[in-house]
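Below is one structure, written out as structure tokens; the observations come after it.
Taken together, the values in this text are just the output of simple stated rules run on the coordinates, not laboratory data. Source: prediction; values computed, not measured. In this analysis, Cβ positions are derived from the backbone assuming ideal geometry, glycine residues included, and neighbour counts consider all displayed protein chains.
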Amino acid sequence: MAADVAGAVEISSALARLRRVTGLPVAFGGLVEAGRPRVRISELSGTSTPALRALAVTSGNGLGGKAVALARPCAVTDYSSSRQITHEYDVPVAAEGLRSVLAVPVVVRRRVRGVLYGALRSAQPLGDRTLSAAVAAARDVEQALVRRDEAHALLAAARPQRPADGGPAPSGPGREQVREAHAALRALAPRIADPVLRAELLAACGLLTAPEPAARGANLAPRELDVLAWVAAGATNAAVADRLGLRPETVKGYLRSAMRKLGAHTRGEAVAAARRAGLLP
């Protein structure tokens, strides 16, 4: 359920951006229901009635269902009279007064996860600019869902697993795997829009570190620690820059700052000092 809520937030943000960029009066959308070949319309922007709220659009039916079935954008100039779609949803569409409508699927790893709609209350072509903006909005949602999926996978890998019989947990991943997981979690956390999931990622980072009893942590900035985490995992400055979306010169600056705060003269000394302080696994 939490994942659905976070996904709905991403859909809502994308719809707001779509209307702002294109000037479309109406936008709406939702996610594909788990285990069912249908989209539940949950987010409305610019609508004047509740006619579309909670509407379940089955794959293959109507405009959105066609977009789901084909996994590509679809559009009609006059919804109610179009011969390109089926008409199971004419009543709620007419109640909202929609005529020209486009539907763009959100496709994650070749699976449709949701649909974004944009609409006019007049019968006129929407144009390439509007379609491009809708595709870009769907891609934004796609990337957010990918990041969320990665976050959940990393969290699952970081949590110790207990057997069903209550016996001891199996041996965990090797030290290098733990360090890579810690670096990946720290790199991903700032890109997660959901504050609850972001906080859970950072908490998982803390579980992967084990400070020595007498250690005292240096006051490293988040980005300095992100850089140092990847250095500890064996990444070069160029690789760190690629992982974090930074310039190599910026990575060097963060690394120098971290070394200065840790009283270190080399990358290796900085990593060792951070581990003693419980900042790195």
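What to note about this one:
- Net charge over other residues, Cβ less than 15 angstrom from the Cβ of LEU63 (K, R count +1; D, E count -1): +1
- Positive contributions from Lys and Arg (+1) and negative ones from Asp and Glu (-1), summed over other residues with Cβ under 11 Å from the Cβ of VAL115, come out at +3.
- Relative contact order (%) - criterion: Cα under 8 Å, at least six apart; region: the range 1-143: 24
- Spin-label model distance (nm) - ALA272 vs ALA56, 7 Å beyond Cα toward Cβ: 6.3
- The range 10-58: relative contact order as a whole-number percent, Cα under 8 Å and 6+ apart: 31
- Summing +1 for each Lys or Arg and -1 for each Asp or Glu among the other residues whose beta-carbon sits under 12 angstrom from that of ARG53 gives -1.
- Ranked by how many other Cβ atoms sit within 10 Å of their own Cβ, fewest first, the residues HIS265, HIS87 fall in the order HIS265, HIS87.
- Taking label points 7 Å from Cα along the Cα-to-Cβ direction, GLN84 and VAL146 give a separation of 2.7 nm.
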